[in-house]
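Structure first, commentary second.
The values are calculated or read from the model by the stated rules, or taken from the named source; none is laboratory data. Only a predicted model underlies this, so the values are computations on that prediction, with no experimental measurement involved. Neighbour counts run over all protein chains shown; Cβ positions are idealised from the backbone, glycine included. Note: accessible area is taken over every heavy atom of the protein model, side chains too, but ligands, DNA and RNA are not part of it. Shrake-Rupley method; radii C 1.70, N 1.55, O 1.52, S 1.80 Å.
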Amino acid sequence: MGQQKTILRALAGETQAVPPIWMMRQAGRYLPEYRATRAQAGDFLSLCYNPELAAEVTLQPIRRYGFDAAILFADILLVPQALGAELWFVTGEGPRLSTITTEADFAKLGPAGDVHETLNPIYETVRILSRELPSDTTLIGFAGAPWTVATYMIAGRGTPDQGPAHALMQENTALFEALLARITEATIHYLSAQIEAGAEVVKIFDSWAGSLKGAAFEKYALEPAREITAALKARHPGIPVIGFPREAGEKYVGFHKATGVDCVALDNSVDPEWAAAHVQVDGCVQGNLASRHMVTGGEALVADTRRIVQALSQGPHIFNLGHGITPDADPDNVQLMIDTVREGAGQ
Ligand code: CP3
């Protein structure tokens, strides 16, 4: 096969005795070194747009833990900002954006091909990382899936049930679909530029896929992921893509085939034994330890980690959490998870 990096081998379909491992939000507030660099940058968005400091926080968890992959430090909401939406973060609350609910709001957005002007610093972060990462560490680029990004653009913030986005989908389907198409096109430009700068894998985060039911899941989760994956693979033959339709439940089944992604990331509501039988049969899976174990640790962490490794050991698997690590996590629990995953190594 010729692929040396463990993550790329898993993505190519290889079953490994010890699964490679990385962690969503591995650069984040649970790490004191992250908090220090973020303070130096001033605020979260300044950190995202400062290539040297963004590369530094990307490297911190690699130095501390030796993960098999680094994920570019950025945010899914930079694409709306590059399209012309206003974006700011309220400390302790989360993101805020100017809202898109009318044709007039939509008309203010710029063309998809113009996003590079804002996003150039992100590509510079990728270039720095591809020089500085250890030779066995895979660099993952990412973007939000169009539906998830649209939920924030329509509501102007995170919402528990994505109500405003569902309302626009019902009340003005044409506008809703035009917005999704614009985000899809911008995402193809953005991910393509990350790949050109040195990203070796890209991941599409559809954090709110679980609220799309029936035909809406097909039209607004599967179809955009298929379109983005096809466009990237046409431009960059062989580029591996990870899809994360979070909380898709039964709809994880067939996701590889319907979209063309090389790997499906699983949230922790899915049993690993079920995923082995119904999802991993179609290709690599990633996941899916509950993030709360990074707060609580102990025997339960070890037992659940072993169960996941065991259940997914008969096919290609990348070990990860089911969602991002939270700021209240204990860095020692991350080490315990890694040691548990790798305990069988060399046997
Ligand atoms: O995984 C990584 O380490 C890479 C970097 C990354 C961030 N956000 C950094 C971040 C990635 C891949 C994301 C994706 C992201 N951003 C998603 C999809 C994945 C998911 O978690 O469901 C979403 C929905 C967002 C939007 C977003 N960004 C929200 C809702 C928030 C606030 C919530 C919070 O945790 O405070 C952010 C901020 C954010 N993005 C932080 C980080 C490290 C915290 C910012 C800080 O330092 O204050």
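Among the candidates Ala107, Ala85, the residue that is more than 10 Å from the ligand (Cβ to nearest atom), more than 30 Å from Cys284 (Cβ to Cβ) and open to solvent by 60 Å² or more (accessible area, probe 1.4 Å) is uniquely Ala107. Given the structure, is Arg96 outside any loop (DSSP other than H, G, I, E, B), surrounded by fewer than 18 Cβ atoms within 10 Å (Cβ to Cβ) and within 15 Å of the ligand (Cβ to nearest atom)? Criteria met by Arg96.
Of Ala54, Ala27, all but one fail to be buried (at least 20 other Cβ atoms within 10 Å of the Cβ), touching a Pro at 6+ places or on another chain (Cβ under 6 Å), touching a residue at least 24 places away in the same chain (Cβ under 8 Å) and of a type outside the set (Phe, Trp, Tyr); the exception is Ala27. Close Cβ contacts (under 6 Å, 6 or more residues apart or on different chains) running from residues in the stretch 91-103 that are in contact (Cβ under 8 Å) with a residue 12 or more places away in the chain to residues that are basic (Lys, Arg) comprise Arg96/Arg157. If you take the residues of the stretch 40-52 that are more than 20 Å from the chain's Cα centre (by Cα) and more than 10 Å from the ligand (Cβ to nearest atom), which of them is farthest from Val90 (Cα to Cα)? For the stretch 40-52, the residue satisfying everything is Glu52.
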